[in-house]
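These notes are about the structure you will find just below.
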Amino acid sequence: MEITSFPFLSQEEFPHITTWFPEMDDEFSGNNDNLKKRRRKDQEFEMAELTNGWCEDILASILFLDEEAKQEQDRWLIESEQEKACLEANHKQKVQAMNEYYNQMQTHYSDLDTLDNSRTKRARKSASAVAMAATVGVQTDGSEINLAQSGTGSGHQRRLWVKDRSKDWWERCNHPDFPEEEFRKAFRMSKATFKMICEELEPVVMKKNTMLREAIPVRQRVAVCIWRLATGEPLRLVSKRFGLGISTCHKLVLEVCSAIKSVLMPKFLQWPDENRLEAIKEEFETKSGIPNVGGSMYTTHIPIIAPKISVASYFNKRHTERNQKTSYSITIQGVVDPRGVFTDVCIGWPGSMPDDQVLGKSALCQRASQGLLNNVWMVGNSGYPLMDWVLVPYTHQNLTWTQHAFNEKISEIQKTAKDAFTKLKGRWTCLQKRTEVKLQELPMVLGACCVLHNICEIRNEDMDPEFKFELFDDEMIPENNLRSLNSIQARDHIAHNLLHHGLAGTGFL
């Protein structure tokens, strides 16, 4: 079988075909463009319709919310007006009720006053009638008529309820046969000294008897105060010992301390006059070899309960660190003579103040600034600054023999003041513990303790070794401990004379 080739037509043979396809292409392209335009217009129209629909919905929602807000605000205004009206009505009712109650109370009390006045008048009339009858009866036949004490003239005797407390302990102490040693142990003084104090305070402390009760005797009043200061026991135990109420005991302590301050302090705790001051200088110079020493000075701290105001001022940082317990205190600065008797005290400054600041606040410093301590030394420890009138030991390192000798003699004088404060706190135990006395009343109590200490020392009252107290106070060297060039030269001169005149001894070698 033979296969022959297929004859293809040439371009000349189908020109009409080749011309027809381009026209078809143009027609198809034109139709596509129109479709695209229509579709675009349709889409734009649909978007416009959607957009218009959304805007209408949003506007409708906003208008609806505004309408709801207005309605809610109107409802709130209506409710608030109703509540306000209700509150006002209730308030008016309450005010009206209170006014009615007040008027009733006024009427009631006015009726009571009228009734009391009428009773008082009737009682006076009946009492005067009875008195007249008694007078007539005595004048006619001389017979006595016993009248019962009555506030209303009814004839019933007036009665007062008083709690019965045991006074056995005080009655035994107050008995003449009570042993002297036990009395001294209880009150830190002899019977004779206690009697002298009672006699001095009697004009101020004594009270009169009344129709209700008999006054507390002077000796018992003074004994309550002294026993409280001596033992430091709480008022509850003081009340049991003396058979008195707790508030009565507290009142007696303050009254007797005030009397000691006003009556005994001017007699037993005063700055020495010129003659006495010269005698003090001679005694200290004989004792230490240092001339013109007018007193030995020391500052101690008294523990207190944390105050309600200015707590930081009374916080004692040094005692807190040493005792590992929060401590608050006030200070007592005292100057003593060679016998250990106080000649000046400054009481009540907060425990946070160092010794040099307490000294600057004291009346002693004011006395020195007025020129009243010229040619007089007050000897203190290293906690005080060296001044024209304050003599203190050397505190720098690598001291010379001269300075060692001077410090040894200064310590002998300083020991006089420290021993006095040791006796003060040992004899009056209330100074060793926190007391129940208010902070504003505490200086008066501490001053009374200093006065009683002086009385015991002047009258040579021995202190029982049982009450020995170990005194410890921190000494903080002031930042500016050298405040006068003249005092530096004077101290060096005194130290030189002590060593080279054979007055220093050999304790420092």
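What follows is calculated from the coordinates using simple rules that are stated; it is not laboratory data. Source: prediction; values computed, not measured. Note that each Cβ is placed from the backbone with ideal geometry, even for glycine, and that neighbours are counted across all protein chains shown.
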(Q) Restricted to Cα positions, what overall size does the range 424-476 have along the principal axes? Three whole-Å values, descending. (A) 32, 26, 22
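Can you tell me, using C-alpha contacts under 8 Å and at least 6 residues apart, the relative contact order of the range 168-267 as a whole percent?
Numbers: 78 pairs, mean separation 27.6, N = 100.
With pairs under 8 Å counted, the relative contact order is 28 percent.
Taking other Cβ within 10 Å of each residue's Cβ, how do 483, 188 sort, fewest first? Present the calculation step by step, with values, prior to reporting the outcome.
On the way: 483 14, 188 25.
With the sparsest Cβ surroundings first, the list reads 483, 188.
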Q: May I have the convex hull volume per residue, in Å³, for the Cα set of the range 168-267?
A: 103 Å³
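I need the semi-axes of the equivalent ellipsoid of the range 354-509: take the C-alpha gyration tensor, multiply each eigenvalue by 5, square-root it, list largest first in whole angstrom.
Values: eigenvalues 198, 83, 44 Å².
Three semi-axes, in Å: 31, 20, 15.
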**Q.** Length added when fully stretched, residue 398-residue 42, from 0.36 nm per residue minus Cα-Cα
**A.** 117.0 nm
Q | 5 angstrom amide H check on residue 482, placed H, neighbours 5+ away | A | 386
Q: Taking 7 Å along the Cα-to-C-beta vector as the label spot, tell me the residue 68-residue 411 distance in nanometres, rounded to one decimal.
A: 9.4 nm
